[in-house]
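Below: the structure, in structure tokens.
Please treat every number below as a calculation from the coordinates, not as lab data. These numbers come from a predicted model, not from an experiment. Note: ideal-geometry Cβ built from the backbone for every residue, glycine included; neighbour counts use all protein chains shown.
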Amino acid sequence: MNRRDLIKLSSCAVAAASAPVFAAPPTSPEPGAAVSRWDVLELTFAGPSAGNPFLDVSLSATFRQINRALTVEGFYDGNGTYKIRFMPDAPGAWSWSTTSNAPQLHGRSGAFQCVAPAAGNRGPVSVRDGYHFSYADSSPYVECGTTCYAWAFQPETTQRQTLATLAASPFNKLRMCLFPKWYQHNHKEPPQYPFPRSGDVNDYSIFNTAYFQHFDRLIAALLQINVQADLILFHPYDKWGYQAMPAAVDDRYLRYVIARFSAYRNVWWSLANEFDLMKSKTTADWDRYARILGEYDAFDRLRSIHYSHYQYEYARGWCTHAGIQDSRMQLGAQWRSDWGKPVVFDECRYEGNIASRWGNISGDAMTRRFWQAAAQGCYCGHGETYLDPDDILWWSHGGVLHGSSPAKIAFLRRLLEETIAIGPGPIGFTNFADDPMAARRANGSVLFYYFDEHQPAEGTFALPDGKTYTAEYIDTLALTRTPLPGDYSGNAQVKLPGTPWGSLWFREKGLA
């Protein structure tokens, strides 16, 4: 690899734990330096700056390992600088070569060695066993998301506060908008815009690179604390024109953000927040956006779309999972079966006290939704909308959490993570005829029932043949775990406390 051909080689997805939150990603000064598996290899080149490089210059690179070849698009980052980002997913020797209509960018080539990942790098998340998720190293990922739509547009002090709050919370996925938001409790101009703007007119021919560089830093900061960045690509809550851009601009925007962000292993794509409220877009538009994601995202990141009134057809092949807005939690198991993929209740109302009914449920009601989802083999998302003297609401701005549900959700997440990997085989689900609120993990080695508002003082539970279990009663609000005496098998009769919001867990005897 010629030194003048490669200006910078970066392993830029993960910064040292002690680094400042918004520090630039670390770089490797010498070309050919090793790159950790699932980190970001960043190639930086000097190229033409005359005219409009965003429109005039095309750049891509093909990365090869033995008989594999993956092609990714590059992007212009301003000031005559072009970048290509790639995530190597297999150890060993890789080579690369560029293709461009600019002579100084065409035909560059080089090689690097992909080495074992650093501690804590488990790779990207993908679908596991049809209905669940895991990291690339096969360790299970129990999705536990929250929402801060417009945190990227807040003062830096608030952004840092958001990251610190997330790091101490149970939440391992964050829904966030790439475009600024204009909505209740959020009526202010962002500090910068994605395109140059004069008055009310956007220059859609140019991307504001500083705007997108800021998202680079935020995505990398989320990765430092092991939080997935669920990037919302379009939304209707807009006064700047981004929800109704020309089709060619939509497509160019999508290709730009894919080129820029897809190599980060913690990125997920959400095509839209409440897509059905964006009246300027047609079904054909959404189909085209989905095709663009499939064609240009070489890393096959998780993909979904979010609705308001009209549910999307989540059985469609481009969706890796269903990211739904609905509080009919009892339908989760049926939807999961109908669509044949993971179901995530990304939005099922928020804990808070604002006037809108979608944002004033109690912390216990929020917790209940997480348990209802889990008991049907599904996942749930959190949000918080408590009134604040400075009008900083977590659901939009981030900052700090005030509600009671995060600690109770953390309790459930620990239980799920403790049991999800126990036993051989895939994670399954049993829709018991006499009680649909029951789930099974790992071939019946762990089963649990969630009683919801019911308060049985006794019950009979049909356990799998040939297995003997111990039992534990969980108070989901008091956060207590009480072992029940004896062993259980067959049609097991169990004495219970007779209080609501309880959960009964059976574990195959002898499991660690």
(message) Ranking request for peptides 370-379, 65-74: highest mean number of other beta-carbon atoms within 10 Å first, then the rest in descending order.
(response) 370-379, 65-74
(request) Once you have the Kirkwood Rh of region 333-445 from its Cα pairs, apply Stokes-Einstein at 4 °C and 1.567 mPa s and quote D in µm²/s. (result) 84
(message) List the residues, sorted by chain then number, that are 5 or more residues from Thr385 or on another chain and whose placed amide H is less than 5 Å from its amide H.
(response) Glu351, Gly352, Asn353
(request) Give the Kirkwood hydrodynamic radius (Å, one decimal) of the chain, defined as one over the mean of 1/r across all pairs of different Cα atoms. (result) 24.3
(request) Beyond 21 Å, what share of the Cα-Cα pairs of region 288-393 is found? Please give it as a whole percent. (result) 43
(message) Taking θ = phi - 60°, what integer Hz values does the Karplus form 6.51 cos²θ - 1.76 cosθ + 1.60 yield along region 318-325, in sequence order, with x for Gly and Pro?
(response) 6, 6, 7, 7, 9, x, 9, 10
(request) Note the count of lysine pairs whose C-alpha atoms are less than 21 angstrom apart in region 125-419, limited to pairs 8 or more residues apart or on different chains. (result) 9
(message) Under the rule of at least 5 residues apart or a separate chain, name every residue whose amide H is placed under 5 Å from the amide H of Leu178.
(response) Ile232
(request) Calculate, for Ala118 and Arg160, the FRET efficiency according to 1/(1 + (r/R0)^6) with r their C-beta to C-beta distance and R0 22 Å; round to the nearest 0.05. (result) 0.40
(message) Using all alpha carbons of region 353-419, what is the percent of pairwise distances in each 5 Å bin, ordered from the shortest bin to the longest?
(response) 3, 17, 26, 23, 15, 10, 5, 2, 0
(request) With no solvent and one equal point scatterer per Cα, compute the Debye intensity ratio I(q)/I(0) for region 149-237 at 0.13, 0.17, 0.19 Å⁻¹ and report its log10, rounded to two decimals. (result) -0.46, -0.77, -0.94
(request) Tell me the label-point distance for the pair Ser308, Val249, using the 7 Å Cα-to-Cβ offset, in nm and rounded to one decimal. (result) 2.1
(request) Divide, for region 438-508, the radius of gyration over alpha carbons by 2.2 N^0.38 Å, where N is the residue count. (result) 1.02
(message) Can you give me the Rg/Rh ratio for region 467-512, using Cα atoms for both radii and the Kirkwood formula for Rh?
(response) 0.97
(message) Just the number: Rg to Rh for region 125-419, Cα atoms, Kirkwood Rh, two decimals.
(response) 0.93
(request) Using only Cα atoms, find the angle between the long axis of helix 363-374 and the longest principal axis of the chain, and express it within 0 to 90 degrees, rounded to the nearest 10. (result) 90
(message) Using the basic label-point model (7 angstrom from Cα toward the beta carbon), what is the Glu189 to Ser109 distance in nanometres?
(response) 5.1
(message) Residue by residue through region 247-257, what is 3J(HN,Hα) from phi via Karplus (6.51 cos²θ - 1.76 cosθ + 1.60, θ = phi - 60°)? Round to whole Hz and write x for glycine and proline.
(response) 4, 5, 6, 3, 5, 5, 4, 4, 5, 5, 6
(message) Could you tell me what a quarter of the Cα convex hull surface of region 223-300 works out to, in nm² with one decimal place?
(response) 5.5
(request) Please work out, to two decimal places, the log10 of the ratio I(q)/I(0) at q = 0.21 Å⁻¹ from a Debye calculation in which every Cα of region 305-367 carries one identical scatterer. (result) -0.84
(request) Averaging sequence separations of C-alpha pairs under 8 Å and six or more residues apart, then dividing by the length of the chain, give the relative contact order as a whole percent. (result) 11
(request) Determine the calculated [θ] at 222 nm for the chain from helices alone, applying -39500 (n - 2.57) to every DSSP H run no shorter than 4 residues and normalising by the residue count; nearest 500 deg cm²/dmol. (result) -6000 deg cm²/dmol
